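Shown next, in structure tokens, is the structure this report addresses.
The values are calculated or read from the model by the stated rules, or taken from the named source; none is laboratory data. As the structure is a computational prediction, the values presented were derived from the model and not from experiment. Cβ placement follows ideal geometry from the backbone for every residue including glycine, while neighbour counts extend to all protein chains displayed.
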Amino acid sequence: MNQNRQKVRLLLCGPRGFCAGVDRAIQIVVLAIKKYGAPVYVRHEIVHNRYVVEGLEALGAVFVETLDEIPDTAQPVIFSAHGVPKSVPEAAQARNLFFLDATCPLVSKVHKQAMLHDRRGRHVLLVGHRGHPEVIGTMGQLPEGAVSLIETLDDADQFERPADLGLGYVTQTTLSVDDTADIVARLSARFDDLVAPAAESICYATTNRQEAVRQAAPGTDLFIIVGAPNSSNSMRLVEVAERAGAAHSVLVQNASDIPWAVVEDRTDSITVGLSAGASAPEVLVEEIVEAFRQRYDLSVELAETVVEDEEFLVMRDLRDVPLEASDMAFVNGAA
């Protein structure tokens with residue numbers, strides 16, 4: 001080894017990358033292509049990662065933003081992991097389209113909780129980001145006007161409750177745990193009858209990944225999050241790393257985005273944190289680790305806070321199709 005190479009200590013967070021909901025959604029597309037052949041139509045990106053989307057396109061998936069883009073066909077139409085408004089499956093049924101719903105089961109739980117609030121005479125407050133597909137899907141479970149979106153503390157301060165209704169809240173599953181807690185606390189201070197969801201809306205994977213980054217970030221010179229700019233959970237990890245003490249925190253889509261200047265500005269050894277959003281495949285993490293190994297005297301330490309063992313089954317229509325390691329090679333690097 002060249003003793004003059006700069007030393008880099010890399011803290012590899014765990015858990016990181018694919019969660020059970022993302023893994024299930026990708027499997028649904030792969031298995032549908034195996035069972036029914038190409039093309040298989042997917043409404044919206046199945047998950048927010050271009051690497052994954054392009055890999056599925058190579059297998060025979062066709063991604064569209066609206067059902068209007070899909071011709072009359074007997075081929076499957078798949079709804080993304082983010083969930084869709086009720087109007088979407090209704091429109092698919094009206095056209096006699098065969099559809100498979102890949103909505104994450106944890107997002108579906110949020111939908112059910114919002115509907116439960118509504119049935120019990122409560123106006124629903126949804127804490128989330130305007131325009132995000134998951135927020136659009138959740139708001140679309142109820143009639144227009146039944147849900148109010150709360151994005152910020154200012155929104156929480158300015159919200160005016162409808163007369164003669166109780167209040168209940170749910171949240172987008174991929175939010176910052178800390179920011180959401182602040183907003184809910186503000187709403188609870190204003191409305192003492194505000195009813196929480198029966199179960200935590202922010203999903204376990206979001207919470208676990210944020211906690212791993214929070215613990216690893218203090219003292220790091222650079223923290224890298226692998227993910228896509230339109231991935232809410234990935235962007236929240238960048239924010240968590242910065243707030244927790246990382247000198248620099250960046251989002252990269254692959255190794256070509258690594259800000260090498262941050263590393264090269266230092267003449268002494270540095271510490272780099274590395275994690276990945278729930279829609280980022282491990283193969284991209286491995287690519288980044290190898291890029292560091294090629295350039296520096298690298299030592300890798302696992303910064304793991306919890307081991308995840310959750311698994312969500314695909315729908316019954318696809319359980320008779322065998323899933324081989326080679327079917328998922330485009331995301332996990334398997335031979």
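For this structure, a couple of remarks:
- Enumerated strands (runs of 3 or more DSSP E) restricted to region 1-107, each holding at least 2 residues that are within 17 Å of Leu313 (Cα to Cα) and in contact with a strand residue (DSSP E or B) (Cβ under 6 Å, 6 or more places away or on another chain): 77-79, 99-101
- Scanning region 215-239 for residues that are of a type in the set (Gly, Ala, Ser), surrounded by 24 or more Cβ atoms within 10 Å (Cβ to Cβ) and over 20 Å from the mean Cα position of the chain (by Cα) turns up Ala216, Ala217.
- Qualifying residue in region 217-230 (condition: among the hydrophobic types (A, V, I, L, M, F, W, C), in contact (Cβ under 8 Å) with a residue 12 or more places away in the chain and farther than 30 Å from Asp268 by Cα): yes
- Residue check for Leu149: under 17 Å from Val195 (Cα atoms), within 21 Å of the chain's Cα centre (by Cα), free of Cβ contacts under 8 Å to residues at least 60 places away in the same chain and crowded, with 21+ Cβ neighbours inside 10 Å: no
- Criterion: modelled with pLDDT under 95, in the same structural domain as Met139 (by TED's automatic domain parsing), more than 12 Å from the chain's Cα centre (by Cα) and part of a helix (DSSP H, G or I) - qualifying residue of Asp178, Asp182: Asp178
Here's the yes/no breakdown for (1) at pLDDT 95 or above; (2) surrounded by fewer than 14 Cβ atoms within 10 Å (Cβ to Cβ); (3) not assigned by TED's automatic domain parsing to the domain that holds Val53:
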| site | (1), (2), (3) |
| --- | --- |
| Arg295 | no, no, yes |
| Met315 | yes, yes, no |
| Asp320 | yes, yes, no |
| Glu324 | no, yes, no |
| Asp327 | no, no, no |
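- The residues on offer are Val135, Val124, Val170, and the sole one that is assigned to a strand (DSSP E or B), modelled with pLDDT of 95 or more and under 27 Å from Gly17 (Cα atoms) is Val170.
- Look at region 160-188: where a residue is surrounded by 15 or more Cβ atoms within 10 Å (Cβ to Cβ) and a partner is assigned to a loop (DSSP other than H, G, I, E, B) and aromatic (Phe, Trp, Tyr), sitting 6+ places away or on another chain with Cβ atoms under 6 Å, you get Leu167/Phe191.
- Screening the candidates Gly60, Gly55 for the property of being in contact with a helix residue (DSSP H, G or I) (Cβ under 6 Å, 6 or more places away or on another chain), surrounded by fewer than 19 Cβ atoms within 10 Å (Cβ to Cβ) and over 23 Å from Pro143 (Cβ atoms) yields one hit, Gly60.
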